[in-house]
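The values are calculated or read from the model by the stated rules, or taken from the named source; none is laboratory data. A quick note: this is a predicted structure, and the numbers were derived from the prediction, not measured. Positions of Cβ are backbone-derived with ideal geometry, glycine not excepted, and every protein chain shown enters the neighbour counts. The protein model used for the area step is the full one, side chains on, heavy atoms only, and it has no ligands, DNA or RNA in it. Shrake-Rupley method; radii C 1.70, N 1.55, O 1.52, S 1.80 Å.
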Amino acid sequence: MFTGAQAIGKGLLDELGGFDAALAKARELADLKPDAAVELQFYPKRRNLLESVLERERDEGQAQLARAISEVAAGRTPAGPVWLPPIVVR
């Protein structure tokens, strides 16, 4: 761990600054105007919960869960038992 000043002294940084300074430098290096619109890309791509579950199909149990979730997401009811809470009549 180094402070910003220590990192500059060790040649790990060119200069100090926050996100805005980094964005300005990136625009400069890309020969863009200082106020040019830019779009941030996040890597790795962020996935929603459904995508995260579906991509983890490593074993048969996970594959079955993924298929059931796909069916529900498509508006279909998966085959198999459906649990309903008990009905209480008062």
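Restriction of the trypsin sites (Lys or Arg not before Pro) in segment 1-35 to DSSP coil positions whose beta-carbon has at most 14 other beta-carbons within 10 angstrom yields K10. With the simple model of a label 7 Å out from the Cα in the direction of the Cβ, A36 to A66 spans 4.0 nm. Full extension of the chain between A26 and D14 gives 3.0 nm of extra length, using 0.36 nm per residue less the Cα-Cα distance. Solvent-accessible surface of protein heavy atoms, probed at 1.4 angstrom with all chains present, puts D14, D20 in the order D14, D20, largest first. In terms of accessible area, using a 1.4 Å probe and ignoring ligands and nucleic acids, L49, L65 rank largest first as L49, L65.
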